[in-house]
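The structure appears right after this line, and notes come after that.
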Amino acid sequence: MKLFFRIVLVYAAVSLGVIVVLRYPSPALASQAMAATRTFGLQFTAAAIYMMPLLLLVPFVLGWRRFVSQLGLVGYAVMGSVTLQVAFSFLKSAIPMIVPFYADRALADADRWLHGGADPWELAHRWTEGLPVDALMPVYLSVWTIPAVALALVIAVSDRDAERTARFVLLYLSCWIVLGNLFALAGSSVGPVFYDALIGGDRFAGLHRALAESGLSNGAVGGIQSYLWTSYTDRSMALASGISAFPSVHVSIATLTAIYMAERSRWLLLPGLIFVATIQFLSVYTGYHYALDGYFSMLFVVGFWAVLRRIRLTGAEGAVARFAQVPDAPLAIRRG
């Protein structure tokens with residue numbers, strides 16, 4: 001976790017440098033940075049509270065002495081997670097300043113072609129007509145937040161496997177930095193729900209009617225979407241104000257969570273897969289994402305995980321143990 005924290009600090013420095021170049025430092029920008037840090041700190045605390053019943057079991061599972069020895073790693077995990085999210089939020093907001101949104105037409109066309117001439121959002125609404133889909137929205141808006149902001153903390157307090165810890169911390173960082181920033185720059189896009197506002201026309205007018213009929217436009221989803229578009233037009237750097245469709249960080253984190261659950265216990269594979277399917281479905285249903293955004297994220301995470309599982313870490317045992325910082329890490333690192 002020490003290396004995790006150091007990587008995040010470098011990432012934060014890069015993020016700050018990009019923002020300084022793109023936007024002249026001002027009291028308003030500094031105020032937004034402080035507000036973002038404070039807001040995410042509160043969100044992290046809320047996620048930790050939801051996890052408290054599980055965290056209280058950790059001392060009994062690990063043993064008190066081992067639990068106390070892990071407290072330093074918990075500190076690195078918490079500080080790293082807070083810093084990561086603030087830095088990510090700023091860089092995500094800066095995407096259209098670096099690469100103006102350009103890929104929506106191609107993504108929308110590819111999405112429609114891949115699904116037999118129908119837009120995936122339309123299929124999602126058609127297949128679930130009359131069903132209480134809004135009852136699933138807390139999974140997308142709240143439950144997903146727990147692994148998104150606290151997975152590193154879960155690993156720090158509960159995982160004794162040094163190699164697995166290193167593997168999933170790398171995967172976790174790649175979801176945010178590689179997918180959420182680098183690939184997002186390469187495929188700079190706003191998604192179906194903002195398509196017409198960006199490009200003009202009424203290609204996704206049906207989506208907006210469907211969201212209004214479902215009641216989502218008048219609830220939390222509609223409020224968040226309005227906030228995102230206003231933040232984009234105002235060039236705001238407020239926390240979680242950036243728009244980026246391709247690829248889907250939501251789906252990448254859900255996929256990573258499912259894989260981690262399955263590695264910890266095969267009995268957790270099915271609930272993990274249900275979680276991924278739910279997040280993918282809702283990301284399309286709400287219009288935040290093209291279906292392709294999620295497909296790409298799944299392939300990336302599963303592919304990178306498979307590569308890391310198969311890499312022979314001969315000669316790297318010490319590096320892996322230092323990365324994971326798990327006491328008494330085994331000297332021999334087994335092949336995945």
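The values are calculated or read from the model by the stated rules, or taken from the named source; none is laboratory data. If you're wondering where the values come from, they're calculated on a predicted model, not measured in any experiment. Cβ coordinates were reconstructed from backbone atoms using ideal geometry, including for glycine residues, and neighbour counts include every protein chain displayed.
Some values worked out for this structure:
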quantity	calculated
Residues of the range 92-149 that turn out to be among the hydrophobic types (A, V, I, L, M, F, W, C), outside any helix (DSSP H, G or I) and either in contact (Cβ under 8 Å) with a residue 12 or more places away in the chain or within 24 Å of Gly219 (Cβ to Cβ) (or both), as a count	5
Scan of the range 155-194 for residues that are among the basic types (Lys, Arg) and either in a helix (DSSP H, G or I) or within 21 Å of Ala87 (Cα to Cα) (or both), ordered by number	Arg164, Arg167
Test: residue in the range 214-223 that is out of contact with any Leu (no Cβ under 8 Å at 6 or more places or on another chain), under 28 Å from Ala87 (Cβ atoms) and surrounded by fewer than 19 Cβ atoms within 10 Å (Cβ to Cβ)	yes
Some residue of the range 256-264 being within 30 Å of Ile98 (Cβ to Cβ) and surrounded by 18 or more Cβ atoms within 10 Å (Cβ to Cβ)	yes
Qualifying residue in the range 232-253 (condition: on the phi < 0 side of the Ramachandran plot, assigned to a helix (DSSP H, G or I) and out of contact with any helix residue (DSSP H, G or I) (no Cβ under 6 Å at 6 or more places or on another chain))	yes
Subset of the range 123-156 [buried (at least 20 other Cβ atoms within 10 Å of the Cβ) and closer than 16 Å to Tyr260 by Cα]	Trp144, Pro147, Ala148, Val149, Ala150, Leu151, Ala152, Leu153, Val154, Ile155, Ala156
Residue identified as buried (at least 17 other Cβ atoms within 10 Å of the Cβ) and either modelled with pLDDT under 90 or more than 16 Å from the chain's Cα centre (by Cα) (or both) among Val301, Val251, Val326	Val326
Failed condition for Thr45, given (1) modelled with pLDDT of 80 or more; (2) within 20 Å of the chain's Cα centre (by Cα)	(1)
